[in-house]
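Below is one structure; the comments refer to it alone.
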Amino acid sequence: MEFNNRDQAKEYIKPQLENYLKQKGIDTKQPFKCLNPTHADKNPSMSYDGKRNKAHCFSCGADYDILDLIGLDYNLSDSKEQFKKAYEIYHIIIKGEANNSEFIDFSDTIKKEDKTMQNTQVQDYTAFYNEAHSHIGDTDYPAIRGLSKETIDRFNIGYIAE
């Protein structure tokens, strides 16, 4: 994404909080455990507030926007570093800013790869994996590693002698 200035970029980043939380595996439709590292939250007490684009804890009072959470997740206390990381996460470029050279824009490469991939058939390896899974009993490696049958079946772990 390319923006004319930092304010435009910030206005783009702020509403990304809900998606950011969802990428962390958080269901924003119900209370979740507080993200404040100093709050040992035993009962989910934090909620996503879509009107303010913030996550708020009703127990400890923590109130985080997306930049605050990026700072917590990447151990960044400086707001400039938080913005820099947000730019990286959301592929943001500010026209005319020197810091853009730190970020690589892969959009042209991706577009070329997309065109190449359109002409490529995707090979299906399902039968191969199923065959390998059927031979997992031919080795004691999973037992040595302490893998349960449930784990082996869940991840379709297999074995091929060759």
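The values are calculated or read from the model by the stated rules, or taken from the named source; none is laboratory data. Because the structure is a prediction, the values reported are computed rather than measured. For neighbour counting, all protein chains shown are included, and Cβ atoms are generated from backbone atoms with ideal geometry for every residue, glycine included. The accessibility values were calculated without ligands, DNA or RNA, using every heavy atom of the protein model including side chains. Shrake-Rupley method; radii C 1.70, N 1.55, O 1.52, S 1.80 Å.
A count restricted to the range 1-39 and to residues that are under 18 Å from residue 76 (Cβ atoms), more than 18 Å from the chain's Cα centre (by Cα) and not in a loop (DSSP other than H, G, I, E, B) stands at 3.
Within the range 26-39, the set of residues being open to solvent by less than 70 Å² (accessible area, probe 1.4 Å) and without any contact (Cβ under 8 Å) to a residue 24 or more places away in the chain comprises 26, 28, 32, 39. For the range 8-22, does any single residue satisfy the condition of being at positive phi and either among the aromatic types (Phe, Trp, Tyr) or surrounded by 14 or more Cβ atoms within 10 Å (Cβ to Cβ) (or both)? The answer is no; no qualifying residue exists.
Taking the range 25-48 as the range and being at pLDDT 90 or above and either of a type in the set (Lys, Arg) or within 30 Å of residue 95 (Cα to Cα) (or both) as the test, the residues that pass are 29, 33. Counted as qualifying within the range 49-162 are the helices (runs of 4 or more DSSP H) with 2 or more residues that are of a type in the set (Asp, Glu) and either in contact with a strand residue (DSSP E or B) (Cβ under 9 Å, 6 or more places away or on another chain) or modelled with pLDDT of 90 or more (or both), namely 66-73, 79-89. For the structure I just gave you, tell me whether residue 42 is open to solvent by 50 Å² or more (accessible area, probe 1.4 Å) and either in a strand (DSSP E or B) or touching a helix residue (DSSP H, G or I) at 6+ places or on another chain (Cβ under 8 Å) (or both). Taking the combined requirement at face value, the residue does not satisfy it.
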